[in-house]
1. Highest GNM mean-square fluctuation, the chain, Cα pairs closer than 10 Å: which of Leu56, Leu126, Leu244?
2. Over the alpha carbons of the stretch 151-229, what is the largest minus smallest coordinate on each principal axis, giving the biggest first in Å?
3. Calculate, for Trp246 and Leu267, the FRET efficiency according to 1/(1 + (r/R0)^6) with r their C-beta to C-beta distance and R0 35 Å; round to the nearest 0.05.
4. Skipping prolines and chain starts, which residues have an amide H placed within reach, meaning under 5 Å, of the one on Met115, given they are 5 or more residues away or on another chain?
5. For the chain, find the longest principal axis of its Cα atoms and tell me its angle to the long axis of helix 120-136, 0 to 90°, nearest 10.
6. If you average the sequence gap of Cα pairs under 8 Å that are 6 or more apart and divide by the length of the chain, what percent do you get for the contact order?
7. Using Cα pairs under 8 angstrom and six or more residues apart, how large is the relative contact order of the stretch 13-157, in percent?
8. Please report the projected area of the stretch 15-77's Cα convex hull averaged over all directions, in nm².
Amino acid sequence: MNSLFAALGLESWKPVLTALLLPPVPFLLLILVGARLLRPRRGWGWTLIVLSVAGLWLSTCTGTGRALEQFVLRLPPALKAERIAQIKAQARGSVSMAIVVLGGGSEPFAPEYGMSNLGFYSIQRLRFGLWLGRETGVPVAFSGGLGWATAQGTTEAEVASRIAAREFNQPLRWTEDQSRDTRQNASHSVALLKQSGIRHILLVTHGWHMPRARRAFEEAAAPHGITVEAAPMGLAQRTESPALDWLPSGTGMLRVRNALRESLGRLLGA
């Protein structure tokens, strides 16, 4: 499906189509259908309305998002301290390993800074990637251009490079600023790192994004003999009351949408 979008030149429509397929749009449409059926098919109409309202409720619950992550996405575990120590030992005197941080959105202009800035997901990933680089001695790359929903501006990789050097005092070794989605992250990053003799990639992104991202990187890296290892982040579980997991919240809606978007992307080969 991803190749079909590319062949038809419809890549820029991917964000719009994704938004239409994810909650709350399908449930809102079903409510309208149910309302239309109330007069000719009262029973069916009320059934659709009740099911749609229930779907809207569940699509904003943290518990639903956690269930989707566990049983549908099957998130990989975080790197253990023992594995980080092994990577550090392997990296000594070797330049064949690289940490690749995937962009997750940017702010074209942040008025508080007077310049462009990384979005919430991107800055979290960058921070963890740089921390992992300090802990292991493995050089860090950042991959991210302009998303399909962004027409122009400073690329994510450029912003990340500035923040890494100025705010973390840890310059990036490589920046890949041409990619517009996860598959392009993979193809462009692998091509860039292959030139430096990289044979092993530590892939950094959020846990909910990792299954699809790792698949894309493994497909791009396999022909070149490069191995890909997941280094997911953002896996911490909140410790609020269990009852709150099943009450609507902005966090719950975001978590469900992320899980459903990743599932849809994997299904369509994105």
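1. Of Leu56, Leu126, Leu244, the most mobile in the Gaussian network model is Leu244.
2. 35, 28, 23
3. Working: r = 26 Å, r/R0 = 0.76.
The calculated FRET efficiency here is 0.85.
4. Ala110
5. Approximately 30 degrees, to the nearest ten.
6. Working: 436 pairs, mean separation 68.8, N = 270.
Relative CO of the chain lands at 25 percent.
7. Working: 149 pairs, mean separation 27.3, N = 145.
RCO, the stretch 13-157: 19 percent.
8. Working: hull surface 21.8 nm².
So the Cα hull casts an average projection of 5.5 nm².
The values are calculated or read from the model by the stated rules, or taken from the named source; none is laboratory data. All of these numbers come straight from a predicted model, not from anything done at the bench. FYI the Cβ positions are ideal-geometry reconstructions off the backbone, even for glycines, and counts take in every protein chain you see. The area values use the complete protein model at the heavy-atom level, side chains included, leaving out ligands, DNA and RNA. Shrake-Rupley method; radii C 1.70, N 1.55, O 1.52, S 1.80 Å.
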